[in-house]
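Take a look at the structure set out below.
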Amino acid sequence: MKEKRTGFATRLGAIAATVGSAVGLGNIWRFPYQAGDNGGGAYILVYLLCVVLLGIPIMMSEFIIGRSTHKSMKGAVQELTPGSPFKIFSYVGVLGALLICGYYSVVCGWVIEYLWNSADGSLLGHTPEQYGDMFGALVGTPQRCVLWTLLFLLLNFLVLSRGIQKGVERMANIMMPLLFILLIVFCVNSLLLPGSMKGMDFLFNPKFEDLGWKGVVDAMGQAFMSLSLGVTCLITYSSYFNDDSRLMKDAVTISALDTLVAILSGIVIFPAVFSFGLEPNAGPKLIFEILPTIFQQMPGGVIWSVLFFVLLFFASITSTISLSEIPITFMIDEYKMSRVKALIITAVLMTTVAVLSALSFSTLSDVKLFGKNIFDFLDYVGPNIFMLLGGLVTAIYVGCFLKKEIIHNQLTNGGKYRSSFVQPYIIFCLRFIAPVAIIIIFLYYTGIF
Ligand code: PHE
């Protein structure tokens, strides 16, 4: 039996939930470590360009597809362009979401351990080197890693089983603004550290020689990851939007807030990295080494640290909820499954990927895919292949194959608002910039760059 598709209760609720999807570990954990690995300033510049030239237009495209049909990708493409082969990409989205959510939940598990240790007072009071060792001990202990990951997934699916409206909306409404305020407090704190300006210089002074084509592709993948693009997540979410939501304004607001959170996270992390004499290119462990070092020199460090990890937990769970919603809505729409059944199947698949990823620093550390362990492989392939290609294909679909009236109607709510330069701008980006991006990526992967 097909269940009735419920909308978000308010327009603000819909935006808050979409911001909840966008803002997560991608901004706070992945963005700083990627920036650190790719030389800082130049990476950030390319990242910003990617948000403006690709991110916002593709976000609008996903909104157009979802809201015009109130269906997830496959059904939507069938309705908008009957017989079009683009519907195949709905499977890419579902697979991408399962893989990304799988490894992402492992990082969420680490967040819970850090929250736990903050609360019982054992996190603070160590040297930066000891924080490196503590992180190594956590990921190297299979039971700990798997248990936290499973606990996280259990919570994730508990929220989902209560239905999209109650679960997602209520949490996102309260937690996102709080996280924002906390990041600003931490920024001020980091900027007041001795030697903090070296970190700002690293972050905002572009040195293109440190970037390379790898950095360009990473920045593109990260922009898509952070804005939740390319795996049909925003198509799924916007299929729940009400018809009076304003797609242009919402896409710009959401992208701006998301980018702001990423930049603020960079301003929290890098001044501290340089002030404490640490290395900016520590990879995925970066924030787990730096943040405790920052918290412990703040008055009332324990409280800051608990509060931060609680909020990071909520930012993460609103993202995993949106990722889980992709296969769930897909199965409900395509196979007329009940929500409960779709939820159980999704939970089993995601848990399997998550457990394998959680073990990739210990029991399964010898399992290598293209020279990377399972976790690092998924962290690479998810954003840099699934999201990038999914997003760029969406761009070409909307830019070249969707009727102009549909785009216009959706952007202006049937002529109620003016789209002025926005429509030509996004069509230009979708038709011309997206294919150029695909060519760059293709040349990069085939080793020509
Ligand atoms: N955007 C989320 C983040 O930055 C991750 C995500 C990707 C969520 C894709 C949904 C879909 O953490």
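Restricting to DSSP H runs of at least four residues, report the calculated mean residue ellipticity at 222 nm for the chain, -39500 (n - 2.57) per run over all residues, nearest 500 deg cm²/dmol.
Estimated from H runs of four or more residues: -22500 deg cm²/dmol.
Going by neighbour counts of Cβ atoms within 10 Å, the residues Asp201, Asp376, Asp133 line up, fewest first, as Asp133, Asp201, Asp376.
Report, to two decimal places, the Cα Rg of segment 8-128 normalised by 2.2 N^0.38 Å (N = number of residues).
So the Cα radius of gyration is 1.41 times the expected 2.2 N^0.38 Å.
Built from the Cα atoms of the chain, the convex hull projects on average onto 20.1 nm², one quarter of its surface area.
Only four residue types carry charge here, +1 at the Cβ of Lys and Arg and -1 at the Cβ of Asp and Glu. Report the dipole size of segment 11-445 about the Cα centre in Debye, rounded to the nearest 20.
Working: 26 positive and 25 negative charges, 271 e Å.
With Lys and Arg at +1 and Asp and Glu at -1, about 1300 debye.
For segment 226-309, the share of alpha carbon pairs falling in successive 10 Å distance bins from zero is 14, 33, 24, 21, 8, 0 percent. The ranking of Glu129, Glu334 from fewest to most other beta carbons within 10 Å of each one's beta carbon is Glu129, Glu334.
Rounded to two decimals, the Cα-based Rg/Rh of segment 251-352, with Kirkwood Rh, is 1.13. Between Arg418 and Asp366, the distance separating the two model label sites (each 7 Å from Cα on the Cα→Cβ line) works out to 6.8 nm. Take every Cα pair under 8 Å whose residues are at least 6 apart in sequence, average their separation, divide by the length of segment 4-130, and the relative contact order is 13 percent. Averaging the Cα positions of each part gives two centres, and for segment 338-363 and segment 103-166 these lie 16 Å apart. Each of the peptides 39-49, 262-272, 278-288 was scored by the mean count of other Cβ atoms within 10 Å over its residues; in descending order, highest first, they stand as 262-272, 39-49, 278-288. In the chain, the longest principal axis of the Cα atoms and the axis of helix 247-275 are about 10 degrees apart. Here the dipole of segment 323-443 is about 480 debye; that uses its Cα centre as origin and unit charges on the Cβ of Lys and Arg (positive) and Asp and Glu (negative). Neighbour counting of Cβ atoms within 10 Å sorts the residues His70, His408, fewest neighbours leading, into His408, His70. Relative to the compact-globule estimate of 2.2 N^0.38 Å, the Cα radius of gyration of segment 190-253 comes out at 1.70.
Taken together, the values in this text are just the output of simple stated rules run on the coordinates, not laboratory data. Quick caveat: nothing in here was measured; it's all calculated off a predicted structure. Backbone-built Cβ (ideal geometry, glycine too); neighbour counts: all protein chains shown.
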